[in-house]
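Enquirer: First, the structure itself, so that you have it in front of you.
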Amino acid sequence: MHLIDEHPILEYRHGQRVKFSFDGREMEGYEGEPIAMALHANGVRIYRETPEMKRPRGFFCAIGKCSSCFMVVDGVPNVRTCVTPLTAGMNVQTQRGKGTVALEEA
């Protein structure tokens with residue numbers, strides 16, 4: 001992982017180091033940090049593909065106001081990964097298109 005270790009103004013405190021998966025690959029991050037931060041530290045730059053034009057999107061606003069960081073997290077599409085905390089064992093996937101939710105049959 002590539003993270004900033006020192007900053008002249010800010011202090012960094014990391015949670016416990018945890019493992020999660022991204023598109024089937026095991027990665028590590030720090031519990032409680034935004035999922036997007038953990039992905040970026042692991043070299044992931046593309047988070048989703050736009051529905052019509054199939055264009056790649058990645059980290060953009062970092063405050064939960066745009067849709068660039070939408071990903072499928074634990075089977076749920078359209079999760080804003082820039083504001084969603086990482087937890088151990090999460091399954092994160094690149095979102096293609098609008099994302100679909102599997103419906104349970106009654």
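Enquirer: Loop-only GluC sites (Glu not before Pro) in the stretch 29-106, please: DSSP not H, G, I, E or B, and at most 14 other Cβ atoms within 10 Å.
Expert: Answer by residue number: 52, 104, 105.
Enquirer: Percent antiparallel among DSSP beta bridges with both residues in the chain, to the nearest 5?
Expert: Just about 80 percent of them are antiparallel.
Enquirer: Using the heavy atoms of the protein chains alone and a 1.4 angstrom probe, what is the accessible area of the stretch 15-64 per residue in square angstrom?
Expert: Counting only protein heavy atoms, the per-residue value for the stretch 15-64 is 59 Å².
Enquirer: How big is the dipole moment of the chain about its Cα centre under a simple scheme where the beta carbon of each Lys and Arg is +1, that of each Asp and Glu is -1, and everything else is neutral? Debye, nearest 20, please.
Expert: The dipole of the chain has a size of about 460 debye.
Enquirer: Among 58, 34, 84, which residue has its Cα positioned farthest towards the positive end of the charge dipole of the chain, with +1 placed on the Cβ of Lys and Arg, -1 on the Cβ of Asp and Glu, and the dipole taken about the Cα centre?
Expert: Ranked along the dipole, the leading option is 58.
Enquirer: Given a cut-off of under 8 Å on Cα pairs at least six residues apart, what relative contact order in percent is computed for the stretch 11-91?
Expert: Relative contact order for the stretch 11-91 comes out at 32 percent.
Enquirer: 222 nm [θ] for the chain, helices only, -39500 (n - 2.57) per DSSP H run of 4+, per residue, to 500?
Expert: Per the formula, -1500 deg cm²/dmol.
Enquirer: Let me ask something else. Answer rounded, prolate or oblate for the stretch 43-93, using the Cα gyration tensor with square roots of eigenvalues a ≥ b ≥ c: rounded when a/c is under 1.5, else prolate when a/b is larger than b/c, else oblate.
Expert: Taking the square roots of the gyration eigenvalues as a ≥ b ≥ c, the stretch 43-93 is prolate.
Enquirer: What FRET efficiency comes out for the pair residue 76/residue 3, r = Cβ-Cβ distance, R0 = 25 Å, nearest 0.05? Mind showing how you got there, number by number?
Expert: On the way: r = 27 Å, r/R0 = 1.06.
The pair residue 76/residue 3 has a calculated efficiency of 0.40.
Enquirer: Report ³J(HN,Hα) in whole Hz for each residue of the stretch 83-98, in order, from the Karplus equation J = 6.51 cos²θ - 1.76 cosθ + 1.60 where θ = phi - 60°; Gly and Pro get x.
Expert: With the stated coefficients, the stretch 83-98 comes to 10, 9, x, 6, 10, 4, x, 4, 10, 10, 9, 4, 8, 10, x, 7 Hz.
The values are calculated or read from the model by the stated rules, or taken from the named source; none is laboratory data. Owing to the predicted nature of the structure, the values given are computational and were not obtained by experimental measurement. With ideal geometry, Cβ positions are generated from the backbone for all residues, glycine too; neighbour counts draw on all protein chains shown. These accessible areas exclude ligands, DNA and RNA; they are computed on the full protein's heavy atoms, side chains included. Shrake-Rupley method; radii C 1.70, N 1.55, O 1.52, S 1.80 Å.
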